[in-house]
Amino acid sequence: MNSVIQIRDLERTYTLGEIAVHALRGVSFDVTRGEMLTVMGPSGSGKSTLMNILGCLDQPTGGSYILDGVEVAGLTDDQLAEIRNRRIGFVFQSFNLLARTPALAQCELPLVYSGFSAQDRRLRALAALESVGLQDRVDHQPSELSGGQQQRVAIARALVNEPAIILADEPTGNLDTHSGVDIMRILQSLNRDQGITVLLVTHDPFIARHTHRVIRLQDGKIVGDDEVEHPLVAGQAERPSEISLDEDMGMETAV
């Protein structure tokens, strides 16, 4: 198997005073290069902890995380920073844009730390914005953009360093249905056309049905890992009035 991510018996324990909180309890799974998958679970299930570890923002207290053949636990802080900047693109629910900074400058920022020239930064940022349909909004600040447009800027910013993996944490959580579908269309396109591995966290079963696979977490453990036999294509399926996961995923109805 051509795995870009290999997780084995992953543990993460936090200490709050005298109390040990086990956020992850022996989690194991692989992510194939070019896969698009979802992690779901209720609040407190360990989704955010897992995402932080996958993004090299946090370290596990046990188990193994191998990224592209390299054990992450053995890397230095500088090497972890290099991975975050060059190999992983982050997309967040709250967009995380700078308030008074135009879209073009937002996208150029990661390239500053990568040592690109001013001209190259501009060209790559323009190309990234064009890829998400914002070539006519390059000089607009976040306050001049809709929520969906702000999230597209965030995706463009995640793309400028040509990452192999995009980690998207509730990327449609702050958006209306139409804007959310637009974001899923972009993520599906990046996965399908560019081969970028996309791993997203969502609480929304309808969004999860647009990916190839759904991993369910509960109380820090994996309680389901199911293929989506017929993934939805963004924009080609109406959101049902009662959102549930398809029975052909081998999953129970989610509410």
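Only the coordinates and a few stated rules stand behind these numbers; no lab work does. Just so you know, these numbers come straight off a predicted model, no measurement behind them. Cβ placement follows ideal geometry from the backbone for every residue including glycine, while neighbour counts extend to all protein chains displayed.
So here's what we get for this one:
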| read-out | value |
| --- | --- |
| Computed lengthening from Ser43 to Thr76, 0.36 nm per intervening residue step minus Cα-Cα distance | 8.8 nm |
| Environment charge at Leu126 (Cβ cut-off 13 Å; Lys +1, Arg +1, Asp -1, Glu -1) | 0 |
| Residue among Ala168, Ala73, Ala125 with the largest mean-square fluctuation in a Gaussian network model of the chain, springs linking Cα atoms under 10 Å | Ala73 |
| Whole-Å distance, taken between Cα centres, linking the stretch 98-151 and the stretch 6-66 | 31 |
| Among Val138, Val112, Val39: highest mean-square fluctuation, GNM of the chain, C-alpha pairs under 10 Å | Val112 |
| Charge sum, other residues only, whose C-beta stays under 10 Å from Glu108's C-beta, Lys/Arg counted +1 and Asp/Glu -1 | +3 |
| Amide H partners (placed H, <5 Å) of Thr32, local residues excluded | Val4 |
| Choice from Leu126, Leu54, Leu145 with maximal GNM fluctuation in the chain (Cα, 10 Å cutoff) | Leu145 |
| Cα-based shape type of the stretch 39-104, given that a ≥ b ≥ c are square roots of the gyration tensor eigenvalues and the cut on a/c is 1.5 | oblate |
| Value of relative contact order over the stretch 119-173, rounded to a whole percent, pairs C-alpha under 8 Å and six or more apart | 40 |
| Gain upon complete extension [Asn2, Tyr14; 0.36 nm per residue less C-alpha separation] | 1.1 nm |
| Nearest-20 debye value, the stretch 150-236 charge dipole, Cβ charges on Lys, Arg, Asp, Glu | 160 |
| Signed unit charges on C-beta, dipole axis of the chain, positive-most listed residue Phe95, Val233, Leu50 | Phe95 |
| Rounded to 5, the percent of DSSP beta bridges in the chain classed as antiparallel | 55 |
